[in-house]
Amino acid sequence: MAPNSKQAKNNAASALSEQQRCAIFSIILIALVWLAFGVNSLSLQTSNDHLTLQWQHILSGEYWRTLSAFFVHSNVTHAGMNVAGLILITWHWRHCLTLKSYTFTLLISALTVNIGYAVLTPVTTEYFGFSALLYALITSNCLLSIRQEKWASIAILAAVSIAVLQPAFVDGAGQASHALIGVRVATESHLYGWLGGLIAGGALWFYEQKSSLSKLTVT
């Protein structure tokens, strides 16, 4: 077998393995969303109060809220919309998404959402839902795939940026979603997640460029 052919097969196997890892990770995230929703639905008293992002409680030592809030949803429509969004994102970018970029983007965007609420919004503000992280994943993946899918990536990134920035200029943005999920749409969280996606995607893109340059200069 020719060396190039063998390398191509190894690369294909590696890509398939990466897709499987990302798929498994997505299944875990989806399971956590439905688990949180199920626990809340079966509870005689709402469990959301102990899981949502509320900084007055986090400052009192309830640090799990910095992560658990992203898996809490107001109703089955809210959870279903975000789960569908996650499936579409991981499917669309299945050829370039890696577990490293996936987890890094989620962690960075979760951090920016937490910092955003801690610094820029009142301490009594409550947040929950996965949508901020979805905006981060879309933004990061657009940056990482811009060389392979230039115009599609630019178009999607532009659309997401407009959707995130629109509430700052248009009164009543998000009211249609409000009617579906039964709570106020936390448009500020989408902005924080989008910023996290820009930071994570930019850092990963720079790392990839640096790694590629290093390989080219090695003799």
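The values are calculated or read from the model by the stated rules, or taken from the named source; none is laboratory data. These numbers come from a predicted model, not from an experiment. Positions of Cβ are backbone-derived with ideal geometry, glycine not excepted, and every protein chain shown enters the neighbour counts.
A few remarks follow.
- Count of residues meeting criterion [crowded, with 17+ Cβ neighbours inside 10 Å, within 27 Å of Q148 (Cβ to Cβ) and either small (G, A, S) or modelled with pLDDT under 95 (or both)] in region 64-89: 1
- In the set (1) of a type in the set (G, A, S); (2) touching a Gly at 6+ places or on another chain (Cβ under 9 Å); (3) at pLDDT 90 or above, A186 fails one condition alone, (3).
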